[in-house]
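Engineer: Can you keep this structure in mind? I'll have questions shortly.
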Amino acid sequence: MPTDTKAVFSAIDSFAIRSRLKYYIIGTIESGEVKPNLFVNITLNSSLALPLRISAIEEIEFAKKEEKYQLLIIACENEEALELILAMNVGLEQIQITEIKQE
C-alpha cells in the first residue's frame, strides 16, 4: 500500500488509559495537517513502521505554558494491542502522518 505524507508531528511523550483502550501521543504539528483517520507511523527500524489510525485529535494546554499542544488519540482493539503500542515508548521524535490508499 503506497503512503502519502500529510504531516510531520513532533512527539513529546505518550501514555495510555487502559480502561478506555486508548493510546495518546502529545506533541506539536511541525508541518501539514493532522486529522482523524490519518495514520501515525511509528518507526520500528530503518525499513519498517507500524501505522496506527488516529481516531481523534484534541488541543491541550499545560499550566503556566503559553504553547498549545495536540493530543493524538488512537483507539486500540484490545489490551494486547495497547500493551504492544505502549511498549514502543513513543516520545521526543518526529513522526510521519500519512494517508494509506487502498489500490
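The values are calculated or read from the model by the stated rules, or taken from the named source; none is laboratory data. Just so we're clear, the structure is a prediction, and the values are computed from it rather than from any experiment. Cβ placement follows ideal geometry from the backbone for every residue including glycine, while neighbour counts extend to all protein chains displayed.
Engineer: Name the residue, out of Ala81, Ala75, Ala63, that is touching a Lys or Arg at 6+ places or on another chain (Cβ under 9 Å) and either surrounded by 13 or more Cβ atoms within 10 Å (Cβ to Cβ) or hydrophobic (A, V, I, L, M, F, W, C) (or both).
Structural biologist: Just a single option satisfies the conditions, and that option is Ala75.
Okay, residues lined up against (1) in contact with a Phe, Trp or Tyr (Cβ under 7 Å, 6 or more places away or on another chain); (2) at pLDDT 95 or above:
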| site | (1), (2) |
| --- | --- |
| Val8 | no, yes |
| Ala11 | no, yes |
| Ile17 | no, yes |
| Glu66 | no, no |
| Leu82 | yes, yes |
| Met88 | no, no |
| Ile97 | yes, yes |
| Glu103 | no, no |
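Engineer: Within the set of pairs 6 or more residues apart or between chains, which connect a residue that is closer than 14 Å to Asp4 by Cβ and of a type in the set (S, T, N, Q) inside the stretch 29-52 to a residue that is buried (at least 17 other Cβ atoms within 10 Å of the Cβ) and at pLDDT below 90 with Cβ atoms less than 7 Å apart?
Structural biologist: Asn41/Ala49
Engineer: Let me ask another. Which residues, taken from the stretch 38-60, are surrounded by 10 or more Cβ atoms within 10 Å (Cβ to Cβ) and in a loop (DSSP other than H, G, I, E, B)?
Structural biologist: Once the filter is applied, which keeps residues that are surrounded by 10 or more Cβ atoms within 10 Å (Cβ to Cβ) and in a loop (DSSP other than H, G, I, E, B), the stretch 38-60 yields Leu38, Ile54, Ser55.
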